[in-house]
Amino acid sequence: MNPHLHQFIVDYGLWAVLGGTLLEGESVVVLAGFLSHQRLLHLPYVMLCAFAGSFIADQALFYLGRRYREHRYVRRVRAQPAFSKALAAVDRYPHGFILALRFLYGLRTVGPVALGVSQVSSLRFLVLNAIAAAIWAVCFSLVGYVFGQTIESLLGRLHGVETKLAVAAVIGVATWLAYWLFARRRRR
């Protein structure tokens, strides 16, 4: 086992989870859940960082849409085909849309901006966004953790940080691929 890599993950892994959820999301959290099972990260802290990153990102995009409707970034987002679909869903099911937003492929950045442009109040979004972020963080962290248990029961205890990272990367890519295929199939 490479002690430097192990210590690097222990020291900076949670920061990576926070930053990764600000930018991407699911695969980062699944990987962190797996690393929690391997005792490199603490699962409750992974969940907390995943919650914080996801919550902050969506709040920022919401306020960007709310405050800067005519900014070129917001105009670019509004021009995307998914934006009109998101806005229609917000109008029909505002609470359900906010709660489900993180689980809907292709709406991760468009959805919060659409909510910001909509008539949904800032307080309502704040509360429902916090609930949704908590559910999302727990679910995807546990997916990685449970995959770790499953892999351990199939392969035995993994040794070496490199092996753990390789397996975690495969899990992350497989999760992303499954999520992408499911979303693609659903769009047809």
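Here are the numbers for this structure:
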{"quantity": "Count of region 23-48 residues which are free of Cβ contacts under 8 Å to residues at least 60 places away in the same chain and either part of a helix (DSSP H, G or I) or surrounded by fewer than 21 Cβ atoms within 10 Å (Cβ to Cβ) (or both)", "calculated": "6"}
{"quantity": "Filtered residues of region 54-70 (kept if open to solvent by 80 Å² or more (accessible area, probe 1.4 Å) and either basic (Lys, Arg) or without any contact (Cβ under 8 Å) to a residue 24 or more places away in the chain (or both))", "calculated": "Arg67, Tyr68, Arg69, Glu70"}
{"quantity": "Any hit, region 157-170, residues being modelled with pLDDT of 75 or more and either in a helix (DSSP H, G or I) or within 22 Å of Val28 (Cβ to Cβ) (or both)", "calculated": "no"}
{"quantity": "Arg76 part of a helix (DSSP H, G or I), open to solvent by 50 Å² or more (accessible area, probe 1.4 Å) and farther than 18 Å from Trp136 by Cβ", "calculated": "yes"}
{"quantity": "Number of positions in region 82-141 that are within 22 Å of Arg185 (Cβ to Cβ), assigned to a loop (DSSP other than H, G, I, E, B) and open to solvent by less than 30 Å² (accessible area, probe 1.4 Å)", "calculated": "1"}
{"quantity": "Test: residue in region 143-150 that is free of Cβ contacts under 8 Å to residues at least 60 places away in the same chain and of a type in the set (S, T, N, Q)", "calculated": "yes"}
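The values are calculated or read from the model by the stated rules, or taken from the named source; none is laboratory data. Nothing here was measured: the structure is a model prediction, and the numbers come from that model. No Cβ is skipped: glycine too gets one built from the backbone with ideal geometry, and neighbour counts run over all protein chains shown. Ligands, DNA and RNA are stripped out before the accessible areas are found, and what is left, the full protein with its side chains, is counted by its heavy atoms. Shrake-Rupley method; radii C 1.70, N 1.55, O 1.52, S 1.80 Å.
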